[in-house]
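Presented below is the structure to which this report refers.
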Amino acid sequence: MYKTINYPVANLQTGSQKSSHMYTTRLRRIKDHLLAENQCSDMATPQASPLTTHVLNTAEGVPGARMALSLHRLDSHLAVWNLLTTGTTNDDGRCPGLITREAFIPGMYKLRFETGQYFEGLGQTCFYPYVEVVFTITEPSQKFHLPLLLSRFSYSTYRGS
């Protein structure tokens, strides 16, 4: 009932060699993930940012990697949006360094995600050419996380922690 499989002796590794290789591979993946997380272009340092985001392509079950986005603040006197920064999500769909704590003041903000370009890059069309999430900050000393859950025909967001 059971099939015997003969492996060449040259390919066998001891248990400690297998464990060592497994740990080395895991450490490499963690290092690559951390390096990718810090590669949001034109953004503040991730450690200092009180505002983070995470894009998830829920239709495919993958992070929304390499999506262009921009952060704006409303000038209430002139009623115009001022561009604060632009960037691109990393391979994990995150862009943690959106704004420095010093620049994060009370006011109305807009985080714009270029969803049309993202789906076009995947060879797909989508219903929403962009998504703008507008929110008010009254306590800038707090941490704010704004995830975007996305498919070609729907999206949702919420304030995370």
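The values are calculated or read from the model by the stated rules, or taken from the named source; none is laboratory data. Predicted model only: the values in this text are computed from it and were never measured. Backbone-built Cβ (ideal geometry, glycine too); neighbour counts: all protein chains shown. SASA here: full protein model, heavy atoms, side chains in, ligands and nucleic acids out. Shrake-Rupley method; radii C 1.70, N 1.55, O 1.52, S 1.80 Å.
Per-structure values
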| quantity | calculated |
| --- | --- |
| Label-point gap, in nm, between residue 132 and residue 58 - each point 7 angstrom along Cα→Cβ | 2.3 |
| Mean Cα-pair separation over length for segment 57-161, i.e. relative contact order, pairs under 8 Å, 6 or more apart, % | 25 |
| Accessible-area value, residue 141, 1.4 Å probe, nucleic acids and ligands omitted, Å² | 90 |
| Environment charge of residue 115, counting only residues whose C-beta is closer than 14 Å and scoring Lys/Arg +1, Asp/Glu -1 | -1 |
| Span from the segment 125-140 Cα centroid across to the segment 67-103 one, whole angstrom | 10 |
| Listed residue (140, 89, 126) projecting farthest to the positive dipole end of segment 88-161, Cβ model | 140 |
| DSSP-loop trypsin sites (Lys or Arg not before Pro) across segment 98-156, with at most 15 other Cβ within 10 angstrom | 101, 143 |
| Accessible surface ranking that places the most exposed of 77, 145 first, with a 1.4 angstrom probe | 77, 145 |
| Under-5 Å amide H pairs with residue 51, H placed in peptide plane, nonlocal only | 98, 99, 144 |
| Solvent-accessible ranking of 88, 52, 138, largest area first, probe 1.4 Å | 138, 88, 52 |
| Solvent accessible area, Å² - residue 130, 1.4 Å probe, full protein context | 100 |
| 11 Å beta-carbon shell around residue 104, net charge (K/R +1, D/E -1) | +1 |
